[in-house]
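As structure tokens, the structure follows; a few thoughts come after it.
Throughout, read-outs are computed from the coordinates displayed, never taken from laboratory work. Computed from a predicted structure; not experimentally measured. So basically every Cβ, Gly included, is an ideal-geometry build from the backbone, and we count neighbours across all protein chains shown.
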Amino acid sequence: MVVALLTLLVASQQSSRDTLAIRDVAVIDVARGTVVPHQSVLIVGNRIVAVGNAATVSISRRARVLDASGKFLMPGLWDMHSHAVSFGRTSLSLYLAQGITGLRDMGAERFAEAKAWRDSIAAGQLIGPRMRIASPVVENQRWLAAVKRMSDAAGTPWRLYERFGPASPDEAVRWVDSVAALGADHIKVRNWPSPEISAALMRRAAERGLPVVGHGNEPFPRCGVQTLEHGIWPPLQVSDAARDSLWRLLAANGVAMVPTIDTWPIRLDPPDTLIAKLGSGRIAGIAYVPTETRDRWREQLLQLKQETPMDWIAIYRGEMRNVAEMQRAGITLLAGSDIGAPLLVPGFSLHDELKLLVERAGLTPLQALQAATLSPARVMGLQDSLGSVETGRVADLLLLDANPLETIDNSRRIHAVVTNGRLLTRTDLDQMLAQAAAAADAR
């Protein structure tokens with residue numbers, strides 16, 4: 001049902017008039033943190049062709065006009081750490097309905113499906129956020145063996161089919177060549193192999209023009225990585241000076257951080273409490289979660305019971321401190337939700353992440369918005385096409401009923417979304433949500 005709706009939307013948008021005019025809107029400049037009122041934005045195809053005073057911008061009588069008086073226009077949001085394919089096809093509708101027009105898929109057990117989604121969206125055959133997709137995930141061999149033992153002890157199926165543990169530098173080089181040929185946009189490392197193997201992987205990836213992204217667990221490289229994910233592991237229980245030295249080194253080397261603060265609830269409550277919560281309906285967006293996804297969440301929560309007990313509250317406090325310190329040290333922070341992990345719902349959890357970046361990491365609303373718009377574009381080298389509302393940029397846009405610079409909660413007050421030049425009205429978005437809920441119920 002969701003696929004049918006997305007296909008209908010593609011057909012209707014392709015047959016509409018070429019020019020979309022968003023008239024008399026307040027444009028948010030996410031670089032400067034200013035609001036320019038009474039602007040009109042003209043879009044032809046998928047590009048912004050004019051931004052200017054509503055009193056002087058000429059709008060063709062053939063254009064489709066959206067009266068946006070009293071509304072606020074900003075760049076569409078990015079989720080920089082997602083496992084959307086793992087969640088399922090409904091993730092595309094859920095993301096767009098929450099104003100997320102771009103995502104990095106960070107590796108799943110279905111690389112071919114991720115590639116098909118990315119390419120179909122790029123070709124205009126499917127409506128969804130533009131996608132950057134990871135290679136199948138690199139692990140170290142020791143970790144793969146440990147997880148296999150945990151799965152056996154929990155009595156849950158082994159699902160880590162598309163993981164690779166290189167045993168030598170030569171194997172790592174051949175791996176990079178293989179995933180480059182497969183069409184990955186970046187290489188994802190979850191548990192770093194030995195320094196020698198990791199160095200060979202990094203060198204070959206640079207030669208092939210493939211960014212490397214990875215978890216910050218030792219022995220992770222201090223330079224050459226595009227982004228580190230989640231945090232630094234083991235947690236840094238070291239002196240203030242040692243942490244500050246590391247943050248400044250990462251900042252100097254241009255390594256960005258995707259902290260995914262919204263993942264912490266699955267560590268702060270016991271697994272049995274979280275499993276009970278799954279059936280309670282007390283999770284934002286749970287009505288849109290397919291049954292098979294909920295079942296997989298239960299499996300993951302059961303596996304957590306096999307882990308060695310740790311003081312997660314103390315670790316959480318340390319991680320929140322680290323994120324705030326990284327921000328002050330000049331490390332670029334990026335918004336990511338880790339969709340695919342238990343209890344996280346596409347789109348909804350990205351807005352939770354923005355709120356937590358403000359409340360826990362001390363970012364201003366502007367800085368949180370930058371972490372989901374301008375900063376992703378800059379880190380990925382896309383700032384000439386995305387991340388701002390300017391002439392010549394691709395029209396990935398979010399139209400809001402209230403100003404998110406005043407309070408980050410206003411990022412949820414979505415009036416319309418423009419994805420690659422296609423307008424999705426509030427009616428369209430509500431219909432997509434209704435279809436996603438129906439599809440989840442049907443399963």
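Details
- Among GLY279, ASN217, GLY254 the positive-end extreme of the charge dipole of the range 77-379 (Cβ point charges): GLY254
- A simple spin-label model places the labels of SER239 and ARG47 5.6 nm from each other, with each point 7 Å out along Cα-to-Cβ.
- Check: the range 322-366 dipole with +1 on Lys, Arg Cβ and -1 on Asp, Glu Cβ, in debye: 100
- Judged by the gyration tensor of its Cα atoms, with axes a ≥ b ≥ c, the chain is prolate; a/c meets the 1.5 cut and a/b is the larger of a/b and b/c.
- Positive contributions from Lys and Arg (+1) and negative ones from Asp and Glu (-1), summed over other residues with Cβ under 13 Å from the Cβ of VAL49, come out at 0.
- DSSP-assigned coil residues among trypsin sites (Lys or Arg not before Pro) in the range 249-358, each with at most 15 further Cβ atoms within 10 Å: ARG282, LYS305
- The gain in end-to-end length when the ALA167 to ALA438 segment is fully stretched comes to 92.9 nm, 0.36 nm per residue minus the alpha carbon separation.
- The GluC sites (Glu not before Pro) of the range 301-410 meeting both criteria, a DSSP state outside H, G, I, E and B (loop) and at most 11 other C-beta atoms within 10 angstrom of the site's C-beta, are GLU307, GLU406.
- Selection from ASN410, GLN370, ILE127, by position along the positive dipole direction of the chain (Cβ): ILE127
- Sorting 57-65, 183-191 by average packing, meaning the other beta carbons within 10 Å per residue, from highest down gives 183-191, 57-65.
- Dipole in debye (nearest 20) - the chain, about Cα centre, beta carbon charges: Lys, Arg +1; Asp, Glu -1: 580
- R0 of 22 Å, Cβ-Cβ distance ASP67-VAL35: FRET efficiency to nearest 0.05: 0.75
- Candidate lysines - alpha carbon under 20 Å from LYS277, same-chain residues fewer than 8 apart omitted: LYS305
- Computed lengthening from ASP18 to ARG208, 0.36 nm per intervening residue step minus Cα-Cα distance: 64.6 nm
- If a spin label sat at a point 7 angstrom from the Cα of ARG142 along the line to its beta carbon, the backbone N atoms of the range 222-256 nearer than 13 Å would be those of 234.
- Counted by Cβ distance under 12 Å from VAL379, the other residues give a net charge of +3, where Lys and Arg count +1 and Asp and Glu count -1.
- The range 32-176 - charge dipole about Cα centre, Lys and Arg +1 at Cβ, Asp and Glu -1, debye rounded to 20: 460
- Efficiency of FRET between ARG413 and ALA55 - r from beta-carbon atoms, R0 45 angstrom, step 0.05: 0.95
- Chymotrypsin sites (Phe, Trp or Tyr not before Pro) lying in DSSP loop within the range 110-190, provided at most 12 other Cβ fall within 10 Å: TRP158, TYR161
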